[in-house]
Amino acid sequence: MLSPNLTDYTSVAAGFSWEKEQAGLSGLPNGQGLNMAHEAVDRHAAGDLKYKTAFRFIHKDMLVMDCTYQDFRELSNRFANVLGELGVAKGDRVFSFLGRMPELYFAALGTLKKVAVFCPLFNVFGPEPVFQRLSRGDAKVLVTTKDLFEKKVRQLLGRLPELTYVLLTDVDHDESQQIRSLPRLMEQASDAFTIPPTDPEDPALLHFTSGTTGMPKGALHVHKAVLVHYVTGKYVLDFHPGDIYWCTADPGWVTGTSYGIIAPLVNGVTNVVDEEEFDATRWYAILEEQKVNVWYTAPTGIRRLMRMNIVPKDQYNLENLRLMLSVGEPLHAEAVIWGEQNFGMPFLDNWWQTETGGIMIANYRSMPVRPGSMGKPLPGVEAAIAEVTDNSFRLIDEPDKDGHLVLKRGWPSMFRTYLHDPALYHNSFHGEWYITGDLARRDADGYYWFVGRADDIIKTSGHMVGPFEVESALMEHPAVAEAAVIGKPDPLIGELVKAFVVLKPGQQANEDLKMDITAHARRKLGPAVAPKEIAFIDNLPKTRSGKILRRLLKARELGLPEGDLSTLEQP
Ligand code: ATP
Ligand code: MG
């Protein structure tokens, strides 16, 4: 077994400095700054990793296509030259609206080389969410397929005066000055490109948040973020030379870019990209056939695997798998333990957000896991728990107290603004502290435990109840597959705890079962915190990134307007 890069959390954290870690990056030649794409691709293509597989693309029909670091240097160079040809300048916005195909990845890296700003959109968005993002993001160039263009974009063109070029990945001829053939442009472009001087503070990536609590916000990131991608790749994803790595997230969500493009390449490993959406059998087959060593996924996928009666370690050869990680939503203790029992290793939970640009709190391979905990802050990141009100801010030093999770400003991948909303950005900080909007607690040993989103906290009979705690208890009941909890206004107790429960296949939804689940919750949580109402539901509404949309359950329950549904996953 390879020894972990982070052998001892305490000593690495104590001796950590971002300046020292910077030595693991190259910087542009002749001191011309720091460019994400240079760190991810070019420096490897110029060295020992030239012929190493950078990307392994798995097509829908399971056909595999490998691209080396050298291939990717040339493809991204060509794309950067295409942008140059089209007059794209530093800071201009280049969007993609594509499935997980090579074009998405070379467009991302080529855009970064050109020091323009890349913004990937998830390809299942309908026309309106696409319009919102292209217009709010001031898109100048959009890369998409003919099919997506015809179905969802052409109708929007009249409302997008700033959109100068649409580059179609699968047509041979230009339709007009505006609607061009990408293959043709790529063919005409040179495969040599010199990255211009890049200030580490130059904007690089624009990502919209998942829209779980409301209207998605556009968070802007700079080239310097690559330092966090590098460090977390080393210490959290524990990349080793020769690793095969698979991140299941789409680049339309920040995880799919930070950890589905940049972090693995910066660390010089092979990055598996699967074009398909979730499919349990396919996922297991990929883990086995591609000999995946490190696997980064999300609770929504893990819960779906858990619902099936498969013990993967007995049915698949997973001897290469060394590490499994999860992000995006709370990972219930159940799921961590299920990993232990069924894969022979726990899922390591980690916490971060679109705004943080990279992993901030994590379980590390070398650190004992406390199932249900998010782990400890990344070395170099200072986290704390704070009491925050409209006009006060106080750090809470005592352990085991619930409060706002806050991060000390200054980690390199911190977002630099919210698009068109500087006031909201400003209000997310109190002095040196960034207020994440999540509530958590820290135990006496420094492990962080997720409590809930500040917006989702339920105030019932004088208690503050986090949905995560209640949902975790419900999920321990053998009949429950998933649960979501909201607060419902109640004249006597403020809010009452209401649970929506999805049952496992074969379970009968009836009053007896409801009583049994209620009794179980009361035993685990006490009567004040246990749900007063339980409703069975076939599916929980989720964002397309797999997060439970509690605000939608609540709006429906109360008959209120449903709000922005641009990221709602259609069942
Ligand atoms: P919006 O900000 O638009 O409401 P969002 O917060 O869901 O959407 P993201 O930035 O994609 O958008 O998600 C980050 C959030 O996801 C975190 O703030 C946290 O609430 C949740 N999250 C991520 N990882 C974890 C984790 N390991 N445990 C608990 N919650 C997590
Ligand atoms: Mg958020």
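The values are calculated or read from the model by the stated rules, or taken from the named source; none is laboratory data. These numbers were taken from a predicted model, which means no experiment stands behind them. Using ideal geometry, Cβ is built from the backbone for each residue, glycine included, and neighbour counts are taken over all protein chains shown.
Quick rundown of the values:
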{"item": "Entirely in segment 333-400, the strands (runs of 3 or more DSSP E) that have 1 or more residues that are under 17 Å from the mean Cα position of the chain (by Cα)", "result": "347-351"}
{"item": "Test: residue in segment 111-119 that is crowded, with 19+ Cβ neighbours inside 10 Å, within 19 Å of residue 59 (Cα to Cα) and of a type in the set (D, E, K, R)", "result": "no"}
{"item": "Matching entry among 334, 355 (being over 21 Å from residue 1 (Cβ atoms), assigned by TED's automatic domain parsing to the domain that holds residue 263, modelled with pLDDT under 95 and of a type in the set (Asp, Glu))", "result": "334"}
{"item": "Segment 303-360, subset touching a Ser or Thr at 6+ places or on another chain (Cβ under 8 Å) and on the phi > 0 side of the Ramachandran plot, residue farthest from ligand 1 (Cβ to nearest atom)", "result": "357"}
{"item": "2 or more residues touching a residue at least 12 places away in the same chain (Cβ under 8 Å) and touching a helix residue (DSSP H, G or I) at 6+ places or on another chain (Cβ under 9 Å): qualifying strands (runs of 3 or more DSSP E) within segment 452-571", "result": "480-490, 494-503, 533-536"}
{"item": "Residues of segment 413-439 satisfying the condition of being away from ligand 2 (no atom under 14 Å from the Cβ) and either part of a strand (DSSP E or B) or not assigned by TED's automatic domain parsing to the domain that holds residue 225 (or both)", "result": "417, 429, 430, 433"}
{"item": "Meets criteria (hydroxyl-bearing (Ser, Thr, Tyr) and either assigned to a strand (DSSP E or B) or under 26 Å from residue 65 (Cα atoms) (or both)) for residue 281", "result": "yes"}
{"item": "Selection from segment 211-241 of residues that are within 13 Å of ligand 1 (Cβ to nearest atom), hydrophobic (A, V, I, L, M, F, W, C) and under 13 Å from residue 353 (Cα atoms)", "result": "219"}
{"item": "Matching residues, segment 291-310, being among the hydrophobic types (A, V, I, L, M, F, W, C), at pLDDT 95 or above and part of a loop (DSSP other than H, G, I, E, B)", "result": "292, 298"}
{"item": "Residues within segment 175-210 that are more than 16 Å from ligand 1 (Cβ to nearest atom) and not in a loop (DSSP other than H, G, I, E, B), tallied", "result": "13"}
